[in-house]
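Here's the structure we're looking at; comments come further down.
What follows draws every value from the coordinates through simple rules; no lab data is involved. Owing to the predicted nature of the structure, the values given are computational and were not obtained by experimental measurement. Virtual Cβ from ideal backbone geometry, glycine too; neighbours counted across all protein chains shown.
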Amino acid sequence: MKRIAVLTSGGDAPGLNACIRAVVRAGHYYNLEVIGVKRGFKGLIEKEFINLSPRDVSQIINRGGTVLLSAREERFHQYQYRKIAAQNLRDEKIDALFVIGGNGSFQGAYLLVKEFGIPVIGIPKTIDNDTYGTEYTIGFDTAVNNAVQAIDKIRDTSMSHERVFVIEVMGRKSGFIALSAGIATGADVTLIPEYPFPMHVIVDSILQARKRGKHFSIVIVAEGVASGKDIAQILSEKLKPYDFGGVRYSVLGYIQRGGSPTAYDRIIASRFGVFAVEQFVKGKENIMVALENGKVVEKPLEVSFGKIKKPDLSDFELNNILTL
């Protein structure tokens, strides 16, 4: 019987548990033994391996976070520790390592392929949705919905006090969360690193909205542009001559990464996990799972390396049209 191992690496994302569940159950469906690696690459080095049966992953599809836990493991940057990890996999007679992670996790796993010949299959997850080569990564939909729910609540205060509210969302250097949340909440200004606005355009957009009878404004800023606090301070100075109820800011932070995954994330995570196992059964290795034109496909693992995925410019233009 062949053995596969599965781990989660990098930041947590809603839908990880649904994907773990899918890998485990699909593995057993195809008569594979499934080993879970706790704490990502740290667990590979320290040999934190557990057997996973279909019953072990019951009742986790709706849970946020990851039951396998995750960790940042600096030691994995060093060859000597990657060698330990590879030997641990060999000692456990693992035939392939399934890595549920993002760009950094895939690159780390690929070193196991190049240096030690360990077969790897990557499954993309990150709330930032910035993994190149796939239209979607596990966790993005839930993160956007978490942001939208928070912004909708903040809007109530913004309207009541006729204030400008600057809301900072996550995404690292990517604007996917900000742009989707901006469209979904009808934000007056959405700032993303891929298509930056100069400050005078932001101020003018707020003033033009006021002339059209809107006495409050919502500005969404991706953390890769600037901090919400800094933007709010600048706007406060620029808008002093005008009759606003003040400028406030809110940083949504890690609330976006937690909570029960949406139905979409559960479905995509399940499809990704089963597809990954099926590709292994077909003899594929050193690949990543991807969503392309609505279909789940496989691509070479290294396709995601060193490339920047940008939001669709048409979505950015749509957002600007709808702020009129």
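Annotations for the structure displayed:
- Inter-part distance, region 85-160 to region 279-320, computed on C-alpha centroids, equals 12 Å.
- Whole-percent pair-distance distribution, where bins are 10 Å wide, for the alpha carbons of region 143-257: 15, 53, 29, 3
- Label separation (Arg55 vs Lys211): 7.0 nm, computed from points 7 Å beyond Cα along the C-beta direction.
- Maximal additional length on extending the Met159-Leu313 stretch stands at 52.5 nm, based on 0.36 nm per residue less the C-alpha distance.
- Ranked packing of 234-242, 82-90, most packed first, by mean Cβ within 10 Å: 82-90, 234-242
- With a simple spin-label model that places each label point 7 Å from the Cα along the Cα-to-Cβ direction, the separation between Val67 and Tyr30 comes to 2.1 nm.
- Listed peptides 11-19, 131-139, 222-230 by packing density, highest first (mean Cβ within 10 Å): 11-19, 131-139, 222-230
- Overall form of region 174-324 per C-alpha gyration tensor (a/c, 1.5; a/b vs b/c): prolate
- Sparse packing (at most 15 other Cβ atoms within 10 Å of the Cβ) combined with a DSSP loop state is found for the following trypsin sites (Lys or Arg not before Pro) in region 287-324: Lys307.
- Qualifying aspartates and glutamates (Cα of each under 12 Å from Cα of Lys42; at least 8 residues distant if same chain): Glu73, Glu74
- Shown in residue order for region 226-236 are the 3J(HN,Hα) couplings computed by the Karplus curve 6.51 cos²θ - 1.76 cosθ + 1.60 at θ = phi - 60°: 5, 6, x, 4, 5, 4, 5, 5, 5, 5, 4 Hz (x for Gly and Pro).
- Reachable aspartates and glutamates from Lys211, criterion Cα separation under 14 angstrom, eight or more residues apart if same chain: Glu162, Asp188, Asp243
- For mean projected area of the Cα convex hull in nm², the candidate list reads (i) 17.9; (ii) 16.6; (iii) 15.6; the entry that matches the value derived from this model is (ii).
- As a calculated quantity, the FRET efficiency between Asp243 and Ala263 at R0 = 56 Å, using C-beta atoms, amounts to about 0.80.
- Distant-in-sequence amide H partners of Val166 (H built 1.01 Å from N, under 5 Å): Val219, Arg248, Tyr249, Ser250
- Cut-off under 5 Å, modelled amide H: who pairs with Val120 long-range: Leu97, Asn286, Ile287
- Per-residue ³J(HN,Hα) for region 210-224, Karplus 6.51 cos²θ - 1.76 cosθ + 1.60, θ = phi - 60°, Hz, x for Gly and Pro: 5, 5, 7, x, 9, 9, 8, 8, 10, 10, 9, 10, 6, 4, x
- Most to least packed among 48-54, 180-186 [average Cβ atoms within 10 Å]: 180-186, 48-54
- Linear extension gain, Glu115 paired with Gln80, 0.36 nm per residue minus alpha-carbon span: 11.5 nm
- Looking at region 1-154, the DSSP beta bridges with both ends there are about 15 percent antiparallel.
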